[in-house]
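The values are calculated or read from the model by the stated rules, or taken from the named source; none is laboratory data. Predicted, not measured: the structure shown is a model, and the values here were computed from it. Ideal geometry is used to build each Cβ from the backbone, glycine not excepted, and the neighbour counts take in all protein chains shown.
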């Protein structure tokens, strides 16, 4: 009987633990999802109602006036196209350059391997500063209002180089040696052997670079206002968003009024949706790349 009671108590304890863990996990999920649902609800809620209380996850008074305001303030077609082009081109070129540098640094026969690795890592902690960068891009390289100002400054990220180099170092060296015996040069080995095996890490790096390119607007503000991107135009709209209500005719105007908070939330959703659409297709590669390409240094 004692053993039976002990087994029952153990099972009861396990059930209680399961319920506790379930509650904890549900709480974590709620805490994680709530901010996004709140932003989405505010963007679809009446601005005047939002001003009374911003803590909700379902629109109390549904409206699309906030999105109408955003899309009618400026022509978003060309800025959107500019953002897409800079994201596609910047991501493609950035991944290729990152993969090339990572392959070189992974080679054991490269004499300056450690020296260049240290130099790259130093740049992660020490920056030249905004003023030298501004002078370099505008006066020396003359990239002001030039599309290349979106590509060259962020061509490679050191973290991505280290991530991909670590992945390449984990690949069997016998593959490269066999290719060399067959007469393949370094470029052929990199293009036909290394790159196909680095698909998970390439997807991870591409996601990092694409998000950075898509979300960037400060470079447009500083260097290329004649080539506005979607993020910069949305930033300008957000800055201009104000409430203008005539107290003598408030009823009609309040229906069409917008608040800076509502516009800001609508802009956040507009800027986030493209990344949310792309991410599910890269998720499995992203997880694999982060796991297999873990930094070993």
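Does residue 148 fit the bill of being at pLDDT 85 or above, closer than 27 Å to residue 273 by Cα and not assigned by TED's automatic domain parsing to the domain that holds residue 278? I'd like the intermediate steps shown before the answer.
On the way: at pLDDT 85 or above: yes; closer than 27 Å to residue 273 by Cα: yes; not assigned by TED's automatic domain parsing to the domain that holds residue 278: yes.
Answer is yes for this residue.
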**Message:** For the condition closer than 29 Å to residue 215 by Cα, without any contact (Cβ under 8 Å) to a residue 60 or more places away in the chain and surrounded by 13 or more Cβ atoms within 10 Å (Cβ to Cβ), what is the one hit in 161, 121, 151?
**Reply:** 121
**Complete:** By residue number, the members of the range 169-196 that are free of Cβ contacts under 8 Å to residues at least 24 places away in the same chain, surrounded by fewer than 15 Cβ atoms within 10 Å (Cβ to Cβ) and not in a helix (DSSP H, G or I) are 172, 182, 183, 185
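Step by step: first the residues of the range 131-148, then only those that are free of Cβ contacts under 8 Å to residues at least 24 places away in the same chain and part of a helix (DSSP H, G or I), then the one that is nearest to residue 191 (Cα to Cα). Which residue is that? Outline the logic, then answer.
Of all residues in the range 131-148, those free of Cβ contacts under 8 Å to residues at least 24 places away in the same chain come to 131-133, 135-136, 139-142, 148.
Still in the list and also part of a helix (DSSP H, G or I): 131-133, 135-136, 139-140, 148.
Working: 131: 38, 132: 36, 133: 33, 135: 36, 136: 33, 139: 36, 140: 34, 148: 25 Å.
Of everything passing the filter in the range 131-148, 148 is nearest to residue 191 (Cα to Cα).
Only one of 55, 38 is in contact (Cβ under 8 Å) with a residue 12 or more places away in the chain, out of contact with any strand residue (DSSP E or B) (no Cβ under 8 Å at 6 or more places or on another chain) and assigned to a loop (DSSP other than H, G, I, E, B); which? So that I can check it myself, show each step before the final result.
Numbers: 38 fails: assigned to a loop (DSSP other than H, G, I, E, B).
Only one candidate qualifies: 55.
Is it the case that residue 48 is touching a helix residue (DSSP H, G or I) at 6+ places or on another chain (Cβ under 8 Å) and not assigned by TED's automatic domain parsing to the domain that holds residue 197?
Details: touching a helix residue (DSSP H, G or I) at 6+ places or on another chain (Cβ under 8 Å): yes; not assigned by TED's automatic domain parsing to the domain that holds residue 197: yes.
Considered against the rule, which asks whether it is touching a helix residue (DSSP H, G or I) at 6+ places or on another chain (Cβ under 8 Å) and not assigned by TED's automatic domain parsing to the domain that holds residue 197, residue 48 comes out as yes.
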**Message:** Among the residues of the range 124-137, are any crowded, with 16+ Cβ neighbours inside 10 Å, in the same structural domain as residue 204 (by TED's automatic domain parsing), under 30 Å from residue 229 (Cβ atoms) and over 19 Å from the mean Cα position of the chain (by Cα)?
**Reply:** yes
